[in-house]
Amino acid sequence: MSIPPPPHGPSQEPPVPPGQHPAAPGQGPYAPPQFTYGGQPGFAPYGLYGPYGPRPPAAVNGLAVAALVFGVLCVVPAVGLVLGLVALWQIKRRGERGRGMAIAGTVLSSLGLALWAVALATGAVAGFWEDVKDATRSGGVLTLAEGDCFDSPGGLEGWTVDVDRMPCARPHNGEVFAVVMLPDGRYPGEDGLTDTAEERCYDLQDTYVMDTWALPAEVDVYYLLPSRQSWNVGDREITCIFFGEDARGTLTGSLRRDATTLDPHQLAYLEAVGELNPVLGDAPGMEYPDEDLTDDREWSGRVEKALTEQVRLLRAHTWPAGAERELADLVAQLDKARAEWGKAADAADAGAYYQHEAKGWELIDPLESVTAREALGLATTPPAYEERPERDTGGGELKV
């Protein structure tokens, strides 16, 4: 509904005749205050109100809003600071609202500008920005995931940010076999990250490649660590990699050998083998005999226990007709080895211990399993393990 304006302007009272003074309402002739409108003194048009009526709220300064946004986001702090200062000047001059937003934007932008200045002085921003640009390219190291194959023309020494990701069927020299997620917290330092990587990556390689005989001799374990700059923006990944130490393109096909690529018989065999290998890798490693054989006996007992479980698993599985005989022969061999390691664990002196230990090693020689592996379609070339240290019994008669 539209309401017409009053007949005499914004007040119901008639104008005061010339020469008279306005009076308060109810005390004689009264005239509302005059306004300057359109450059001429007179009464305000309908819809504008003066001291005796409400006025529309002042507009919010647009630059104040922009200054607050720039201050919160801290994307370009210098712009946010300038916008905030200009907004404060305009608000004071025009009577607009938004002073609080302008002040907040100015303060936040000032803090952001100070932080950027410190980062630039230390070179952190420049280094981090280059890392981000390189890593976000197609094929950057931050995009690598478990199972990815890639080629790194410059190797993996020192700082590495750029790799060429490609299908595993094509020649390449690297494959990611695990990604380890680290907890939040302070940057552990390069040494701390290296210790964690060596422990976790070497443990996880046997999960990805259960048949270690299938690993080429030129392949070794590498790992990519977060830099201090990438850690500060949330990078918490250690990338574990199989990498060919020779020139580009030494590998063809994936190195993965787990439940996703093995048949049930191969998987059963490798699971049984997995009972023994970790224990053998934890040998005391004594170069010379010690009259106190406590550690050796304890370790030999663990070897016997692992062999007992390995024999049980191999006997429990139903093997294909073409591999039954070979697996039966291997089980008989391992059963003899189990007995020798048990005698070593119970040996009364160093001489008896080393005699049984030597026989135990002979019976678990990797070459004894080649026939069974061939029958199952597994790799038949043993890895090049380091030589076991020779043990001098003191009398010069026993070397193992």
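The values are calculated or read from the model by the stated rules, or taken from the named source; none is laboratory data. Keep in mind that this is a model prediction, so the values were computed, not measured. Virtual Cβ from ideal backbone geometry, glycine too; neighbours counted across all protein chains shown.
Taking the residues in segment 310-322 that are assigned to a helix (DSSP H, G or I) and modelled with pLDDT of 95 or more as candidates, determine which candidate is surrounded by the most Cβ atoms within 10 Å (Cβ to Cβ). Give the derivation first.
Within segment 310-322, the first condition is being assigned to a helix (DSSP H, G or I), and the residues that meet it are 310-316, 321-322.
Checking which are modelled with pLDDT of 95 or more leaves us with 310-316.
Working: Q310: 24, V311: 21, R312: 12, L313: 17, L314: 22, R315: 12, A316: 9.
The selected residue is Q310.
If a residue has to be under 20 Å from L270 (Cβ atoms) and in contact with a Gly (Cβ under 7 Å, 6 or more places away or on another chain) to count, how many in segment 331-383 make the cut?
Count: 2.
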